[in-house]
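Nothing in this text is a laboratory measurement; each read-out follows from the coordinates by a stated rule. Since the model is a prediction, treat every value here as computed from it, not as a measurement. When we count neighbours, we look across all protein chains shown, and the Cβ atoms used for this are built from the backbone with ideal geometry, even at glycine.
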């Protein structure tokens, strides 16, 4: 896997990758707590030239457990933490539907990811999705991108219980992956 940063897109799942999992959908900024090293990881990726976005299933909206105002407040806190660490998100995409809706945007369906690629003018083969669940891995594999499983959130259970797409890379956490990306970008810059 060669990453150089420029023209590369890294899509992050939110819960279990950037922040600690909660038993219920996060509806209050006070419930959102970054995982250790995750804010630095986004900073490393941003500073190495990667475009970084978030793509999440947010069925709490469809189940009326989270309002758009609450979601915006939670994302505001997330953006502030990332910016304080020196990072930047180029966007946050989410599917508000429940699994019963049979939509095309809820991971593992690829609709959300295809929308991101279209809007950012990126290519699937230059895209990595970092997640902690099988839905994340299946969604990125379906479009020809690169699945990255982190062992935070439900990642350890996913690794034990699921058959992952063939080219899935596994890292301890987002910071571990970001350090790898940063090293690759530095090597590429030297060439």
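Numbers for the structure displayed
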{"quantity": "Extension gain (nm, one decimal) between residue 65 and residue 47, 0.36 nm per residue minus Cα-Cα", "calculated": "2.9 nm"}
{"quantity": "Using alpha-carbon coordinates, inclination of helix 111-120 to the longest axis of the chain, degrees", "calculated": "50"}
{"quantity": "Chain lengthening between residue 114 and residue 189 when straightened (0.36 nm per residue, less Cα-Cα)", "calculated": "24.1 nm"}
{"quantity": "Crossing angle, helix 174-190 versus the chain [Cα axis fit, 0-90 degrees, rounded to tens]", "calculated": "30"}
{"quantity": "Sequence-separation-based contact order of the chain, relative, with Cα cut under 8 Å and 6+ spacing, percent", "calculated": "27"}
{"quantity": "DSSP bridge pairs, region 1-137: antiparallel proportion in percent, nearest 5", "calculated": "5"}
{"quantity": "Residues 68, 39, sorted so that the one with the fewest Cβ neighbours within 10 Å comes first", "calculated": "68, 39"}
{"quantity": "Ascending count of other beta-carbon atoms within 10 Å, so fewest first, for 151, 35", "calculated": "151, 35"}
{"quantity": "Cα-based helix-to-principal-axis angle, 38-47 vs the chain, degrees rounded to 10", "calculated": "50"}
{"quantity": "Difference of contour (0.36 nm per residue) and Cα-Cα distance, residue 170 to residue 79", "calculated": "30.2 nm"}
{"quantity": "Among (i) 40, 39, 37; (ii) 174, 50, 25; (iii) 52, 35, 34, the entry derived from the coordinates for Cα extents along the principal axes in Å", "calculated": "(iii)"}
